[in-house]
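Engineer: Okay, here's the structure, questions in a sec.
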Amino acid sequence: MYELTVETSFAAAHCLEGHPSSCGRLHGHNWTVAVTVAGEQLNSAGMLVDFAVLKQAVREAVGELDHRYLNELPFFSGGMAPTAENIARHVFETVAAKLSAQTNFQVKEVRVAEAPTSWVVYRP
Ligand SMILES: [Zn+2]
């Protein structure tokens with residue numbers, strides 16, 4: 001089994017409405033996003049997937065969030081709070097859809113950190 005991870009970051013604002021702490025006020029984070037894919041079959045170039053291909057898919061997914069007010073985005077409307085947990089699931093589903101034509105690996109997990117000491121991991 002091979003695992004391959006790329007990491008990127010984005011800056012955005014959010015507000016966790018109704019949260020009793022300062023998270024309930026409008027504020028921002030510099031989120032770090034790490035996407036890991038896994039598979040057993042290497043391609044003819046000896047790669048699970050080209051880092052550049054994975055980075056491009058992750059950049060596109062994260063680019064939709066960068067420098068945005070997350071509460072206003074369609075994915076987070078309808079009562080889904082823009083928490084690190086939901087951001088991780090959203091990035092996972094978006095990247096998995098972009099790479100669905102690649103059959104020798106699957107997206108394994110997405111890690112989203114709000115700070116160097118605080119992160120979540122989403123695995124389906
Ligand atoms: Zn926050």
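Computed from the coordinates by the stated procedures, all read-outs in this text should not be read as laboratory data. Fair warning: this is a prediction, and the values are worked out from it, not measured in the lab. FYI the Cβ positions are ideal-geometry reconstructions off the backbone, even for glycines, and counts take in every protein chain you see.
Engineer: Note the angle between two axes, namely the Cα long axis of helix 84-98 and the longest principal axis of the Cα atoms of the chain, as a number of degrees from 0 to 90, rounded to the nearest 10.
Structural biologist: Computed tilt is about 40 degrees.
Engineer: Filter the trypsin sites (Lys or Arg not before Pro) in region 25-124 down to the DSSP loop ones having no more than 12 other Cβ atoms within 10 Å, then list what survives.
Structural biologist: Answer by residue number: Arg25.
Engineer: Same structure again: Rounded, prolate or oblate: pick one for the chain, where a ≥ b ≥ c are the square roots of the eigenvalues of its C-alpha gyration tensor, a/c under 1.5 means rounded, and failing that, prolate if a/b is larger than b/c, else oblate.
Structural biologist: Taking the square roots of the gyration eigenvalues as a ≥ b ≥ c, the chain is prolate.
Engineer: List the longest stretch of the chain that has no exposed loop site; here a site is one of the GluC sites (Glu not before Pro) assigned by DSSP to anything other than H, G, I, E or B, with at most 13 other Cβ within 10 Å.
Structural biologist: Details: sites that count: Glu17, Glu40.
Result, exposed sites excluded: 41-124.
Engineer: Compute the long axis of helix 51-63 from its Cα atoms, compare it with the longest principal axis of the Cα atoms of the chain, and write down the angle in degrees, 0 to 90, nearest 10.
Structural biologist: 20 degrees
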